Every structure is written in structure tokens, then in C-alpha cells.
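Heads up, the thing below is written out as C-alpha cells.
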Amino acid sequence: MAYTLTDTRRAEYRRTTQRSNERKRLAMVEGLIEPVHPVNVPRFNPNMLMPQLPANGLRALSMFSGGGGLDLGFERAGFAHAASYEILDICGETLLHNRPDWTVHAGEGGDVRNVDWGRYRGQVDLIHGGPPCQPFSVAGHQRGAEDKRNQWPSFIKAVLAIKPRVFVAENVPGLLNPKFKEFVRETIEAPLQGEYTLHRFIMRAEEFGVPQIRKRVFIVGFRNQRDHARFIPPDATHGTDSEDARPLMTVRQALGLPPIGHDGVAPTLRSGFTGPRSCTGVVNSKASMDVWGQLQVWPNGVQSDRLKASLFPPENGHFRMSVQDCALLQGFPVEWTFKGAVYQQLGQIGNSVCPPVAYQVAVSVLKSTQ
Ligand SMILES: C[S@@+](CC[C@H](N)C(=O)[O-])C[C@H]1O[C@@H](n2cnc3c(N)ncnc32)[C@H](O)[C@@H]1O
């Protein structure tokens, strides 16, 4: 739900921001505020959830690559990327910074609306991508097909031009809202009819070991019936009644914070690039603020690194997060770093598919093709 602020509430927020800026000045410039917490040493290593698999010989094309969540998950499952396409330059910088040997098309050249996909025919086995989800997100106005950010037609166009063996598309659960039934039929199912057979399923990040509530829908399309019949969507690995399931990974445990008698998974981190340009908070609803409060973690004024965060305690003494903490709560391993100002890094993190979730989908796809 979008925020609607009363004047009183807005004035209250303004005062909090002013006080916070003053505290930051005292802490950073004058060194007058004692750090309330030492620099934290995380205890969660997302790589344990996605052990590197050997190269499997399958070549992937990444569309709408963002900060690389899907790309990283597929890479760890042994897929090689032929190329990645992303309209934002800063995301391209992130991808190339982490993987200098990748072929990354960013900016104008990364705009999927301008690409002649024919050249990839026979060159890639799989296309993956998360077409922008704001048109369907409950946080937006749900205008679906009428929203000019709706990029599903570009994704389907690429699939039909390249005809890969498999495609994997990710989106917000809002896409499955009855309101968009017609949209899904006309824009996704009808053009693919006779060409691809689809599986649709929802994954919850917390059930795959990520310390965050995050629900996403996946549509996986297969060109041949055998692969389709063999495909089994990933089974939850954490927090279910199954004997093999492991306990949920929780926020304080993941970030390496001292016990306070309470711990739990984080609320969904805000999907980035949608708020004010300089927004350095990850709160996505009023309700989630209470959950952060119970965790004694402060989700606003995220800092560029852990040292800065420790030097600038919020008024209530809760733990202030850094970009690295948010990336970890999204399931990015420590060595994957983001380029840009804090709000741009948070934008890439909040927009991404949690890599361990992407990994599980990639592994399921891989098994279906073997
Ligand atoms: C939901 S995010 C994708 C996140 C990514 N799959 C990940 O896991 O990190 C959607 C991305 O599509 C990009 N995008 C939007 N319109 C685009 C276009 N016309 N061409 C290429 N990328 C576009 C946005 O900049 C954004 O980074």
C-alpha cells in the first residue's frame, strides 16, 4: 500500500530527520557520540545455500539483469551467460565490477526494446529475466498492461525470436491476482501457445534459507514436453514441517548481533528505485516498521559501510544497518558488491531475486534437462 501522510505525520518525520542529521554531524564530524554497537561480524554465508556446481554446458541470456540476483544464482548452478541486458548504467557497472569477463549491455544498448534477438538463435539454451514488476505490485497502482513500465511483451518477443529450450521469468505475486488473469492469458500464454508449456509457482525466500519474507512468482516455460514433464519446482529447504527442513535463518543471527531474547526473519526489503531518489531506507510498509522495531534493527538511514553504521547510532539505540547488511538479508554473498550511491545500491538489492532462490530454480531446471 502506498504511503499517505498526514501533515502532522510529515512534520514529525521532518523533525526526526533533522535530529538524525544533527546526530550524524556529532558522530561523524565531531566524534561526540559513542558507538552503541561494535562493527558486526555476520554469521550467515549465502554461498552455503548455493554451492558452486560445475559448468553444465547450458548457455543463458539475462534480460532486465538489475544488480545480478538471477545472474548470480544461475552462475552458481553452473550456467554460463552469453550476455546480460539492463537499461540502467549503474546496474551494468555492478555486473562488470563483479564479473569483468561478462558481456554486459547497459544503458541504451541494454534496452531490451531495441535489440534484434535473432542473432542469439541457436546460441542460448535458456533466457531468464524479471520484467519490471511495478505494474503488478501491490505497492503500486496495479495498472498492468496499461503501465508503460510493463515489459512482458519485450520478454516474450525475445523468447519467440530466440526459441531457447527453457525460459525463466520472475515477478511479484500480484501478477497472479485475478485482476490480471486476462493480461496473463493475452500477453504471456497466448503468444507462447504451441511453442512453450508452462509451469507457474510461488517461492518464499525464507523457505530457502534467506532471512527475509519475500514472495515471488516464477513462470518457467519449456520448449519440449520431456523437459516440462520432468520439471519439479524447488521444495522448501527451511522452516517447514518436513523432517529434512532446517530452521529459518533469522536477522540477528544472520547479521551477527547479540541476543535480545527475540529474533525473526526480516520484512520484505523495499523494492528499489521506486521511492524518492535519495531514499536510504528499506521499509516497505507501516506494518513492517513494527517488525524491524521488535528486531531492534533500524531500517532507515542505511550507511555505506559497517563502520559508519556503528558510529551513527539511531536515537532509540537500535542496530543501524549498512548496505552490506541489506545485501546479506537479500541473500547476496559478501564478495558480490554494488556500485553507486547508497540509494542506488539499495535499489539494486531491493529489486533483485534472492540469489539462493534463483539458484534453486536453476538447479530444478538443470535436473529437468538431464
Ligand atoms: C525486477 S528488476 C530485475 C532484477 C534482477 N532480475 C535481479 O535478480 O537482480 C527489473 C530491471 O529491469 C530493468 N529494466 C526496465 N526496463 C528495461 C528495459 N527496457 N530494458 C532493459 N532493462 C530494463 C530495470 O532497470 C530493473 O533493473
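The values are calculated or read from the model by the stated rules, or taken from the named source; none is laboratory data. Quantities reported herein were computed from a predicted structural model and do not represent experimental measurements. As a convention, Cβ positions derive from the backbone with ideal geometry for all residues, glycine included, and neighbour counts pool all protein chains shown.
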### Message
Here is a list: V217, V297, V291. Which entry is away from the ligand (no atom under 16 Å from the Cβ), touching a helix residue (DSSP H, G or I) at 6+ places or on another chain (Cβ under 8 Å) and of a type in the set (V, I, T)?
### Response
V297
### Query
Among the residues of the stretch 71-81, is there at least one that is out of contact with any helix residue (DSSP H, G or I) (no Cβ under 9 Å at 6 or more places or on another chain), modelled with pLDDT of 95 or more and within 17 Å of F338 (Cα to Cα)?
no
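Among the listed residues S364, S310, S285, which satisfies the condition of being surrounded by fewer than 18 Cβ atoms within 10 Å (Cβ to Cβ) and either in contact (Cβ under 8 Å) with a residue 12 or more places away in the chain or of a type in the set (F, W, Y) (or both)?
Working: S364 fails: surrounded by fewer than 18 Cβ atoms within 10 Å (Cβ to Cβ); S310 fails: surrounded by fewer than 18 Cβ atoms within 10 Å (Cβ to Cβ).
None of the others qualify; the one that does is S285.
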#### Entry: Which numbered condition T16 misses (of (1) away from the ligand (no atom under 16 Å from the Cβ); (2) modelled with pLDDT under 95; (3) farther than 30 Å from P313 by Cα)
(3)
### Task
Examine the stretch 337-351 for a residue that is among the charged types (D, E, K, R) and not in a loop (DSSP other than H, G, I, E, B), and state whether such a residue exists.
no
### Task
Can you tell me which residue within the stretch 48-73, out of those that are within 12 Å of W102 (Cβ to Cβ) and out of contact with any Asp or Glu (no Cβ under 8 Å at 6 or more places or on another chain), is farthest from the ligand (Cβ to nearest atom)?
L61
### Message
Going residue by residue through the stretch 229-247, is there one that turns out to be within 16 Å of M321 (Cα to Cα) and either out of contact with any strand residue (DSSP E or B) (no Cβ under 6 Å at 6 or more places or on another chain) or more than 16 Å from the ligand (Cβ to nearest atom) (or both)?
### Response
no
### Query
Which of the residues that make up the stretch 148-195 are under 18 Å from Y120 (Cα atoms), out of contact with any Ser or Thr (no Cβ under 9 Å at 6 or more places or on another chain), more than 12 Å from the ligand (Cβ to nearest atom) and of a type in the set (K, R)?
K163
